[in-house]
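A.B. asks: Before we start, here is the structure in question, set down as structure tokens.
The values are calculated or read from the model by the stated rules, or taken from the named source; none is laboratory data. Because the structure is a prediction, the values reported are computed rather than measured. Note that we place each Cβ from the backbone using ideal geometry, even for glycine, and neighbour counts take in every protein chain shown.
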Amino acid sequence: MDSCSGVSDAIQHAVDYLLSIQRPGEYFWCAECEADVTMTSEYVMLYQILGLQLEDSKVQKLIKYFKESQNPADGSWSLAYGIDGDVSATTEAYLALTILGVDAEDPVLRKAKSFIRSKGGLGLVHVQNFTRMNLALFGLLPWEAVPLLPAELILLPSIIPFNLYNFPAWSRPIIVPLLVINNHRPVYRLPNEKCYTMMDELWLAGTNRYVPYVPPLRQALLKHGASWKSFFCVMEHVLRGYEKIRIQGCPSPVWDTSLATIALLDCGYNPREREIEGAIRWMLDRQCLVEYGDWQVHRPSLESGGWSFEYFNTWYPDVDDSAAVLVSLFKHDPKSIHSSNVQRGLKWVIGMQNTDGGWGAFEAETNKRLLDEIPFSDANSLCDPSFADLAGHILEMLGIYLQISEKYDHNGSHQCLRAEVRSCISRAVKYLRDSQELQGSWYGRWGVNYINGTSGSLCGLGSIGFPKSDLMVSRAIEWLKDCQNDDGGWGESVVTYRDKSMMGKGIGSIPSQTAWAVMGLLAYLPPEDQSIKRGVMWLLHNLGPSTKSCEGYEGGYKIPVSSRTGMTWTENHFTGTGYPNHLFIKYHLYSHYFPMMALGRYSQSLSAARKTKVEHPYRI
């Protein structure tokens, strides 16, 4: 069927693998969201704070995880695979290992100590704020060295920029408990009465432990409050991580299920098979239809209808998950556009559009970039403004809606909604034009990085029929082609978040980013294009048996190796982004369902190329 040898076989192997890791009888997917060692370190600290005893078997598994994830060259721990060590992550891992009973003279801690001291020791001003708080909780750093969070912050009215609801959804549930912690400033005991001597070896300044965290001229700003990323905000993670050697920040069932469903449908899997029907029902059951949620603060008259990332996070649906679920519903059954679920979901996403034409992830108009400039935030993630990757994903969904509604709206009931969609699209296109980089790429806030943002934008623009002749499109296509590696794939490092000169490059080819690039090019170019063919061939050559010890696990559930069939792709790099430069995520299914989508769309494009094809007009 396919002119590129092996595409059909590869699709079949990939489909078999994905079906084999679907949760049996429940019809959803949920793989690990792996982060750096920090969350596992804080898990150990939390046990110590709560006075709980870890079983010996778990202690050994945790120690093994820390040792195996340490960088052997310098003794550090990194925020993502393949990049330099991070002093904050290393400090927290050092503390966790010490709590677990590892002696300071153990080689793993000796090497970590050398790294921390080479970066300035515990007195280094640039140690992350949340690391400072963790040290202060055990009396290893004075509370005066931790940014102040006055409890009165919660009382600030909406007209004040620093009011609670101008902070983004991910910071708000962290800020409130931190207000309580800061008010009480507790100090907890460490094992073996080491409260006053533990980790002395990490200080360069002897007994001088006054560590200012901001220059003196900025002290006047201390009354405004701040935020850190936090592990302590969701106690459930302790239970979920209890049988594991590392902790994930949160589960991703809706995200994984929607994207896995899209991948199967793109590959031509029968939409009436029980695996698809079950996944669709599972997603519909998790639509957030309750009449509450923090998003209502900035959109009080908008009816609910979105989907969240997790199982039941009804307070915080997000537009990216909602768009992905809607695409899966459209591809499963085009006539679903008439259902109340789709109508409410679509109207909710449209209603969340910002005035600049783009979308934030969780809430509208949460774009006070001033918050990123206050001295308490070192993650630069205290606002949720518009980003191109989100706009691209939503445009792709809206384009599919227009195509099928024009075909299946026989009585004209969608006429008004289509008008809303076209107006929404027009504003979003303007946003993408305004946010495009000079090189032709787009920044990817939630996926690494410019390859992700550019692919998403091209897929969105292609879906609405935006013309290829437009300079915005042609520049993006050329940029993607220029980034292609010699072996035919694509690979971009997380380093590009702080070094734009590396955009689109920095690592060898990897499956998820190669798939993103291929899909972006397929939105405008024929399957015979050499860049596309080389990318597809790279995906074919790198498909193989699974090397993962377990897959699809969360909440203690594991899918054993013996029950898995088919083939998959292997990827070590982190291609998801929590907070740029501070928290990166390795979604364990990114390396599978995105290559599936790319191969499926390539196969569809080959089939369509054999027929007379009229390019649809720009639909606004």
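A.B. asks: Between Asp2, Asp16, Asp74, which is at pLDDT 95 or above, among the charged types (D, E, K, R) and over 24 Å from Arg498 (Cβ atoms)?
C.D. replies: Working: Asp2 fails: at pLDDT 95 or above; Asp74 fails: over 24 Å from Arg498 (Cβ atoms).
Answer to the selection: Asp16.
A.B. asks: Kindly provide the set of residues from segment 304-342 that are under 23 Å from Asp384 (Cα atoms), of a type in the set (Ser, Thr, Tyr) and touching a residue at least 40 places away in the same chain (Cβ under 8 Å), ordered by number.
C.D. replies: Ser304, Ser308, Tyr311, Tyr316
A.B. asks: Evaluate segment 148-164: report whether one residue or more is out of contact with any Lys or Arg (no Cβ under 8 Å at 6 or more places or on another chain), in contact (Cβ under 8 Å) with a residue 40 or more places away in the chain and within 27 Å of Gly75 (Cβ to Cβ).
C.D. replies: no
A.B. asks: Here's something else I'd like to know. For segment 395-403, state whether one or more residues are touching a Leu at 6+ places or on another chain (Cβ under 6 Å), buried (at least 18 other Cβ atoms within 10 Å of the Cβ) and either among the aromatic types (Phe, Trp, Tyr) or modelled with pLDDT of 95 or more (or both). First the steps, then the outcome.
C.D. replies: Step one: of segment 395-403, the residues touching a Leu at 6+ places or on another chain (Cβ under 6 Å) are 397.
Keeping just the survivors that are buried (at least 18 other Cβ atoms within 10 Å of the Cβ) gives 397.
From the residues that got through so far, the ones that are either among the aromatic types (Phe, Trp, Tyr) or modelled with pLDDT of 95 or more (or both) too are 397.
Yes, the conditions are met somewhere in segment 395-403.
A.B. asks: If a residue counts only when it is loosely packed, with under 15 Cβ neighbours inside 10 Å, which helices (runs of 4 or more DSSP H) contained entirely in segment 73-160 have at least 3 such residues?
C.D. replies: Values: elements: 87-99, 107-118, 129-137.
Because the criterion is at least 3 residues that are loosely packed, with under 15 Cβ neighbours inside 10 Å, the helices (runs of 4 or more DSSP H) in segment 73-160 that meet it are 107-118.
A.B. asks: Of all the residues that make up segment 11-38, how many are of a type outside the set (Val, Ile, Thr), part of a helix (DSSP H, G or I) and surrounded by fewer than 23 Cβ atoms within 10 Å (Cβ to Cβ)?
C.D. replies: Qualifying residue count, segment 11-38: 6.
A.B. asks: Still on this structure: In the list Ser304, Ser336, Ser328, which residue meets the criterion of being among the hydroxyl-bearing types (Ser, Thr, Tyr) and within 20 Å of Glu365 (Cβ to Cβ)?
C.D. replies: The match here is Ser304.
A.B. asks: Under 8 Å between Cβ atoms, which residue pairs at least 6 apart in sequence (or on different chains) link something in segment 277-292 that is part of a loop (DSSP other than H, G, I, E, B) with a partner that is of a type in the set (Lys, Arg)?
C.D. replies: These pairs meet every condition: Gln287/Arg344; Leu289/Arg344.
A.B. asks: Given the conditions (1) closer than 19 Å to Ala169 by Cβ; (2) part of a helix (DSSP H, G or I); (3) modelled with pLDDT of 95 or more, which single one is not true for Leu371?
C.D. replies: The one condition Leu371 does not meet is (3).
A.B. asks: For Gln484, all conditions in the list (1) surrounded by 21 or more Cβ atoms within 10 Å (Cβ to Cβ); (2) among the polar types (S, T, N, Q); (3) part of a helix (DSSP H, G or I) hold save one; what is the number of the exception?
C.D. replies: All conditions pass for Gln484, except number (3).
A.B. asks: Shifting gears a bit: Return a yes/no flag: does segment 329-348 have any residue that is surrounded by 21 or more Cβ atoms within 10 Å (Cβ to Cβ) and not in a helix (DSSP H, G or I).
C.D. replies: Keep residues of segment 329-348 that are surrounded by 21 or more Cβ atoms within 10 Å (Cβ to Cβ), which gives 329-330, 337, 342, 345-346, 348.
The next check asks that each one be not in a helix (DSSP H, G or I); those that pass are none.
Checked segment 329-348: no residue is surrounded by 21 or more Cβ atoms within 10 Å (Cβ to Cβ) and not in a helix (DSSP H, G or I).
A.B. asks: What are the residue pairs meeting all of these: first residue in segment 38-64, first residue touching a residue at least 24 places away in the same chain (Cβ under 8 Å), second residue surrounded by fewer than 17 Cβ atoms within 10 Å (Cβ to Cβ) and hydrophobic (A, V, I, L, M, F, W, C), Cβ atoms under 7 Å, and 6 or more apart or on different chains?
C.D. replies: Hits for this filter: Tyr43/Val238; Leu46/Val238; Lys61/Ile245; Leu62/Ile245; Lys64/Ile245.
A.B. asks: Provide a single number: the residues in segment 55-77 that are touching an Asp or Glu at 6+ places or on another chain (Cβ under 9 Å) and acidic (Asp, Glu).
C.D. replies: Residues flagged as touching an Asp or Glu at 6+ places or on another chain (Cβ under 9 Å) and acidic (Asp, Glu) within segment 55-77 amount to 1.
A.B. asks: Which members of segment 430-458 meet the condition of being more than 19 Å from the chain's Cα centre (by Cα) and assigned to a helix (DSSP H, G or I)?
C.D. replies: Filtering segment 430-458 down to residues more than 19 Å from the chain's Cα centre (by Cα) leaves 430-441, 458.
Lys430, Tyr431, Leu432, Arg433, Asp434, Ser435, Leu458 - these are the residues of segment 430-458 that are more than 19 Å from the chain's Cα centre (by Cα) and assigned to a helix (DSSP H, G or I).
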